[in-house]
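Chemist: So that we are looking at the same thing, I have put the structure below in structure tokens.
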Amino acid sequence: NAAAREFYTLEQAVKTLRHCEAVGINAWQSHQSGKLLEIFQAVRRAGGKMVMVGLCGYEEEIKPMGKIDGLIAVAHHGELTDRLFKAGKLDLIHDCLKRVRDAGLAVGVSTHMPAVVEAIESKGWDVDYYQTCVYERHRSAEELEKYMGHVPVSPGEVYLRDDPPRMFKVIRQTKRTCLAFKILAGGRRHDVEQAFRQTFASIKPTDAAIVGIYDR
């Protein structure tokens with residue numbers, strides 16, 4: 001993390017995104033605030049046509065986001081989505097999604113849990129897309145005990161091999177576009193080509209993948 005932050009100066013980040021655009025990658029999933037917004041706006045000023053898919057929390061002010069040039073969509077942040085879902089408070093994000101719609105942006109929900117997609121589908125909410133992490137990486141110690149029979153030394157971020165098929169199943173079941181992310185298990189998978197093949201063989205033609213780039 002520290003190395004990536006040190007490498008990605010404003011100039012280098014713009015250079016990387018401009019190269020992405022040159023080879024046909026025309027969308028960046030990021031966050032429409034702080035340094036990340038500064039990078040995106042620098043790309044646009046440099047003549048880039050790349051668009052941004054953003055993130056928000058349910059307490060954020062949405063309206064100004066509709067004025068950000070190139071921002072086309074905003075999803076409710078996955079970590080927060082999942083915490084609210086586990087607490088039985090998923091409905092708290094509904095007003096946030098309405099504000100995104102009112103701002104003229106495409107509406108999304110990000111999650112690391114197949115059960116969240118199933119719950120929202122059953123509610124019939126006005127949602128355009130999901131950002132779907134193929135690994136449920138934030139299970140509690142009790143949940144890990146259930147799945148693995150033991151708790152790892154570092155239970156905070158565990159990637160289970162059986163997780164992707166579970167998320168791919170709900171991705172195929174919804175008609176909405178899904179953006180599959182962390183398909184390389186946060187850099188832990190070294191069979192990169194196989195991970196891409198597995199992903200694109202398992203999602204719908206209207207879906208896509210979000211992949212981090214570190215081109216040092």
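The values are calculated or read from the model by the stated rules, or taken from the named source; none is laboratory data. Given the structure is predicted, the values throughout are model-derived calculations rather than measurements. No Cβ is skipped: glycine too gets one built from the backbone with ideal geometry, and neighbour counts run over all protein chains shown. The area values use the complete protein model at the heavy-atom level, side chains included, leaving out ligands, DNA and RNA. Shrake-Rupley method; radii C 1.70, N 1.55, O 1.52, S 1.80 Å.
Chemist: With respect to Ala201, determine if the residue is farther than 23 Å from His138 by Cα and of a type in the set (Gly, Ala, Ser). If you could, list the steps in order and put the result at the bottom.
Modeler: Values: farther than 23 Å from His138 by Cα: yes; of a type in the set (Gly, Ala, Ser): yes.
Judged against the criteria, Ala201 is a match.
Chemist: Filter the range 161-214 down to the residues that are under 24 Å from His77 (Cβ atoms), in a loop (DSSP other than H, G, I, E, B) and open to solvent by 70 Å² or more (accessible area, probe 1.4 Å) and list them by number.
Modeler: Residues satisfying the conditions are Lys175, Arg188, Thr206, Gly212, Ile213, Tyr214.
Chemist: I need every pair where a residue in the range 190-216 that is at pLDDT 95 or above has its Cβ under 6 Å from the Cβ of a residue that is assigned to a loop (DSSP other than H, G, I, E, B), sequence separation at least 6 or different chains.
Modeler: The qualifying pairs are Ala195/Ile183; Ala195/Leu184; Ala195/Arg189; Thr199/Ile183; Ala209/Ile183.
Chemist: Okay, moving on. Within the range 1-42, restricting attention to residues that are open to solvent by less than 50 Å² (accessible area, probe 1.4 Å) and farther than 16 Å from Ile213 by Cα, which residue is modelled with the lowest pLDDT?
Modeler: The residue in question is Gln32.
Chemist: Please enumerate the residues belonging to the range 108-162 that are of a type in the set (A, V, I, L, M) and within 24 Å of Leu71 (Cβ to Cβ).
Modeler: Val109, Val116, Val117, Ile120, Val127
Chemist: Just one of (1) part of a helix (DSSP H, G or I); (2) over 18 Å from Asp207 (Cβ atoms) trips up Asp126, so point out which.
Modeler: Result: Asp126 fails condition (1) only.
Chemist: Now, a different point. One residue is enough: does the range 52-64 have a residue meeting the conditions surrounded by 13 or more Cβ atoms within 10 Å (Cβ to Cβ) and assigned to a helix (DSSP H, G or I)?
Modeler: No, because not a single residue in the range 52-64 is surrounded by 13 or more Cβ atoms within 10 Å (Cβ to Cβ) and assigned to a helix (DSSP H, G or I).
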